[in-house]
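Any read-out appearing in this document is the output of simple, stated calculations on the displayed coordinates, not a laboratory observation. Small disclaimer: the values here were computed from a predicted structure and weren't measured. When we count neighbours, we look across all protein chains shown, and the Cβ atoms used for this are built from the backbone with ideal geometry, even at glycine.
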Amino acid sequence: MTRSLNLVAGLSALAWAATVAVLTLSPGGTAIPLTLESFLCVGCSERGLADIILNGLLFVPGGLLLSVLVGPRRAVALCAGMTLGIEVIQITIPGRDPAFQDLLFNSLGGWTGARLLSGSWTRSFQYSIAVVIAVSWLAPPLLLLPRSDDTDLFGLWNPRLGSMGHYDGRVQEARVGGVETPSARLAESDEVRRALLGREAVEVSFLSGRPASSLSPIFMVSSEDRVIHLTIANLGNDLVVQRHTVARKLRLDQPSLRAIDALAGIPTGTPLDIALQQVEGDDCLTVAGRSDCRIAPTLSDGWAFLLAFTSAPERFRATLRVLWPTLLGGLLGLVLGGRTGALFGWVLAMAGWLVATASPDVRPTPLAAALLASASLAGALLRPQVESVLSAFRGRATDPNPSADPGGAPAPPASEPPGPRGRLE
């Protein structure tokens, strides 16, 4: 049994380490100059909170698996040492920015993984995990509420931005809430701001360009502080819409509104009119007279608040939409167990359906609710088997070098100390 646990834990730890290396040591995008201030700043990037959460989650499996192999304390030390090595190597990799927050939250994630294995799962701990799952599932309608600021706004037509591609079509006219929006400082910034917050119609007339290989803005509304309030962009044959939302304010990533194949088959130079508007509570994008009202994200897109994968293939994003409710539901069933886990999963699925139906920014889908509820039932049923596996791992983590003969037979039990001798009468 010990050898089997060693083999499983060792192979899993190697797979985890390889995944971390690919994610952290691959060349990135535009890097910022490395200074002491930028290194020590915590959560300062545009998606700082999302990076903090991802850093912690990435090292939870490592802390758990390494605890089985070397014990909890050494596991945390290894996670911290691995992170330190990654940060040093990133100095030489284009587009990578070493940061103190990586060292801090990767180590915290490793400690959490070690604690999950060696600690006891109290009721308060179980309910805390259930609350985190519920918030993760129900948060999208709140996180996608539009937000703005009080500075002057600017219209941008076919802008050239260093972090994005350039669309080679040409905008001819743009209106937000019926207000003309030229490619300049907007004299009617307050009216445009109210229109954006109220999700009023956005209309753009342009000559189509070639399909862009990276996200390329066609029309944008930006503030004086360079906060992007609205983006209508092209990616391949798709039209992508991004708003300034609560998620952006919290320094999270966010899912986009997406009209798949909206520009498919349209020759370059074709005059087009597009309109983004709400129809019966749903976001709709109309291109050349064809409307698509299934562009809004769903509760199954909750993963995109951590990493949106905007440029990833649609099949990949569709897979994540299946995995997200399955993972949340399965974890919920495993943590709570029994009828409580299954019942809570069904209640959460129905609550999500109701919340999405009432939200103007999230599209309800029966499949998402069904996946969450079914996965919670499966997790509750599998909990006894998972508990037995965790018990074996806990025993291994408590004593990573158990005394046993080379053949794997357990060591004989120690003899009991002799009891007190009876007194002669």
(message) Tell me the relative contact order for the chain as a rounded percent, counting alpha carbon contacts under 8 Å between residues six or more apart.
(response) 15
(message) Test of understanding: what is the full-extension gain from residue 275 to residue 100, defined as 0.36 nm times their sequence separation minus their Cα-Cα distance?
(response) 58.6 nm
(request) Enter the angle in degrees (range 0 to 90, nearest 10) between the Cα long axis of helix 366-398 and the first principal axis of the Cα atoms of the chain, meaning the one along which they spread out most. (result) 30
(message) Could you tell me the calculated FRET efficiency between residue 131 and residue 84, based on Cβ-Cβ distance and R0 = 45 angstrom, to the nearest 0.05?
(response) 0.85
(request) Starting with the fewest neighbours, write out 235, 25, 285 ranked by other beta-carbon atoms found within 10 Å of each beta-carbon. (result) 25, 235, 285
(message) For 164, 220, which order do you get if you count the other beta carbons within 10 Å of each Cβ and list the fewest first?
(response) 164, 220
(request) Would you mind finding the longest exposed-site-free stretch of the chain, with exposed trypsin sites (Lys or Arg not before Pro) meaning DSSP loop and at most 12 other Cβ atoms within 10 Å? (result) 227-420
(message) Quick check: pseudo-label points 7 Å beyond the Cα along Cα→Cβ at residue 224 and residue 7, how many nm apart are they?
(response) 6.9
(request) List the cysteines in the chain whose Cβ has no other cysteine Cβ under 4.7 Å from it. (result) 79
(message) Could you check the spin-label model distance between residue 210 and residue 351? Points 7 Å from the Cα along Cα→Cβ, value in nm.
(response) 5.1
(request) Check each of the GluC sites (Glu not before Pro) in the stretch 1-99 and keep only those in coil by DSSP with at most 13 other C-beta atoms within 10 angstrom; list them in order. (result) 46
